[in-house]
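**Q** Take a look at the following structure, please.
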Amino acid sequence: MEQYDSVKNTLDQIPQAAADAKRIVGLVKKSGKITGYQLSDQSFVSKPQAVSLAKQGKIAGVGIAHRGDTEYLKSIPNGSENDNLGNLPSVSPGPQ
């Protein structure tokens, strides 16, 4: 359990997810970097949109961290590797 606490300490914020919050099911990547996410309702959001939604409690299972001036999402440790963001499949939003 200690390792989960240390990971939680790296999060700036762990928003309380609403009952109807969506989950992240896929990662949109460009040149190996995450640029957005696919949500459980099959919609696609950009990285900044996802951070904003998570802060509003509209995305479950994630916390907000930062690197420099950039905020990003991190999985909240729950003892399961299957739903960690890094283990999710890369997806393509299709033509925009």
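**Q** Pick out which of 31, 52, 40 has the largest mean-square fluctuation in a Gaussian network model of the chain, springs linking Cα atoms closer than 10 Å.
**A** 31
**Q** A further question on this structure: State the label only: which of (1) 32, 13, 9; (2) 21, 15, 14; (3) 46, 10, 8 corresponds to semi-axes √(5λ) of the Cα gyration tensor in Å computed from the shown model?
**A** Entry (2).
**Q** With +1 on each Lys and Arg Cβ and -1 on each Asp and Glu Cβ, and nothing else charged, work out how big the dipole of the chain is about its Cα centre, in Debye to the nearest 20.
**A** Dipole magnitude for the chain comes out near 360 debye.
**Q** Once you keep just the Cα pairs under 8 angstrom separated by 6 or more residues, what percentage relative contact order results for the chain?
**A** Values: 163 pairs, mean separation 30.2, N = 96.
Value for the chain: 31 percent.
The numbers here are math on the coordinates, done by the rules we state, and not lab data. Computed from a predicted structure; not experimentally measured. Virtual Cβ from ideal backbone geometry, glycine too; neighbours counted across all protein chains shown.
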